[in-house]
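Peer 1: I am attaching a structure below and will ask some questions about it afterwards.
The values are calculated or read from the model by the stated rules, or taken from the named source; none is laboratory data. Worth saying up front: this structure is predicted, and the values here are computed from it rather than measured. Cβ: placed from backbone, ideal geometry, glycine included. Neighbour counts: every protein chain shown. Keep in mind that these areas ignore ligands, DNA and RNA; they rest on the heavy atoms of the full protein, side chains included. Shrake-Rupley method; radii C 1.70, N 1.55, O 1.52, S 1.80 Å.
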Amino acid sequence: QLQLVESGGRLVQAGGSLRLSCAASGRTFNSYFMGWFRQAPGKEREFVSAIRWSGSNTYYADSVKGRFTISRDNVKNTVYLQMNSLKPEDTAVYYCAARRFQYTDKVWDYNYWGQGTQVTVSS
C-alpha cells in the first residue's frame with residue numbers, strides 16, 4: 001500500500017499563492033505517477049495536474065495551466081503543487097493520487113488517494 005498525506009491548504013485571497021504538499025510512504029515512491037485532483041462542493045472530482053515518476057513530464061488541466069506548477073522530490077517522497085494567481089473558482093478540496101505506469105487524467109485510473117486538503121480562495 002502507498003499512503004498519501006496532503007497538507008498546505010488554507011484560506012487565501014484571490015491573486016495569492018499556496019504550495020500544497022503530498023507526502024508518500026509505504027512503497028517505492030519513485031515508480032509512481034503522481035497526480036493532483038480537486039473537488040468543489042456539488043461538483044465532480046476533476047484532474048488538476050500530474051507528473052511522471054522521473055519528473056520529466058508534467059501535465060495540467062487547461063484551467064490551471066500557467067498558474068500552477070507540479071514538482072516532486074523522490075528523496076523526500078513528496079510531490080508539490082505550487083499555485084499562483086489563485087481565483088475563487090480554485091476553491092476546492094485538493095487530493096493527491098498515485099498510479100503506476102502511464103499518464104492519465106481519469107479519476108478512476110488512480111489507485112491511491114490522500115484524504116484531501118481544503119483550499120479556499122476569497123474574492
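Peer 1: Under 9 Å between Cβ atoms, which residue pairs at least 6 apart in sequence (or on different chains) link something in region 105-123 that is farther than 19 Å from Ser21 by Cα with a partner that is at pLDDT below 95?
Peer 2: Short answer, once both residue conditions are applied: Asp109/Arg99; Asp109/Gln102.
Peer 1: Shifting gears a bit: Residue under question is Ser31, and the condition is that it be of a type in the set (S, T, N, Q) and within 10 Å of the chain's Cα centre (by Cα); does it hold?
Peer 2: no
Peer 1: If you don't mind, there's one more thing I want to ask. Quick check on Ser56: is it open to solvent by 60 Å² or more (accessible area, probe 1.4 Å) and modelled with pLDDT under 95?
Peer 2: Answer is yes for this residue.
Peer 1: Okay, moving on. On the given criteria, is Ala40 open to solvent by 20 Å² or more (accessible area, probe 1.4 Å), touching a residue at least 12 places away in the same chain (Cβ under 8 Å) and of a type in the set (Gly, Ala, Ser)?
Peer 2: Values: open to solvent by 20 Å² or more (accessible area, probe 1.4 Å): yes; touching a residue at least 12 places away in the same chain (Cβ under 8 Å): yes; of a type in the set (Gly, Ala, Ser): yes.
Judged against the criteria, Ala40 is a match.
Every residue, every condition in (1) of a type in the set (Gly, Ala, Ser); (2) in contact with a strand residue (DSSP E or B) (Cβ under 6 Å, 6 or more places away or on another chain); (3) on the phi > 0 side of the Ramachandran plot, yes or no:
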{"position": "Trp36", "(1), (2), (3)": "no, yes, no"}
{"position": "Lys65", "(1), (2), (3)": "no, no, no"}
{"position": "Ser71", "(1), (2), (3)": "yes, yes, no"}
{"position": "Val75", "(1), (2), (3)": "no, no, no"}
{"position": "Leu81", "(1), (2), (3)": "no, yes, no"}
{"position": "Ser85", "(1), (2), (3)": "yes, no, yes"}
{"position": "Ala97", "(1), (2), (3)": "yes, yes, no"}
{"position": "Gly116", "(1), (2), (3)": "yes, yes, yes"}
{"position": "Thr120", "(1), (2), (3)": "no, yes, no"}
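Peer 1: Go over the candidates Ala61, Ala50 one by one and state the one that is among the small types (Gly, Ala, Ser), under 23 Å from Gly16 (Cα atoms) and buried (at least 18 other Cβ atoms within 10 Å of the Cβ). Even if it seems obvious, please write down each step before you answer.
Peer 2: Numbers: Ala61 fails: buried (at least 18 other Cβ atoms within 10 Å of the Cβ).
From the options Ala61, Ala50, the qualifying one is Ala50.
Peer 1: What's the total number of residues in region 65-123 that are within 15 Å of Gln39 (Cα to Cα) and of a type in the set (Asp, Glu)?
Peer 2: 3
Peer 1: A further question follows. Just give me the residues in region 83-110 being within 28 Å of Gln13 (Cβ to Cβ), open to solvent by 60 Å² or more (accessible area, probe 1.4 Å) and either among the hydroxyl-bearing types (Ser, Thr, Tyr) or touching a Ser or Thr at 6+ places or on another chain (Cβ under 7 Å) (or both), in sequence order.
Peer 2: Correct list: Ser85 only.
Peer 1: For region 65-73, state whether one or more residues are over 26 Å from Ala14 (Cβ atoms) and either crowded, with 20+ Cβ neighbours inside 10 Å or touching a Lys or Arg at 6+ places or on another chain (Cβ under 6 Å) (or both).
Peer 2: Checking region 65-73: at least one residue is over 26 Å from Ala14 (Cβ atoms) and either crowded, with 20+ Cβ neighbours inside 10 Å or touching a Lys or Arg at 6+ places or on another chain (Cβ under 6 Å) (or both).
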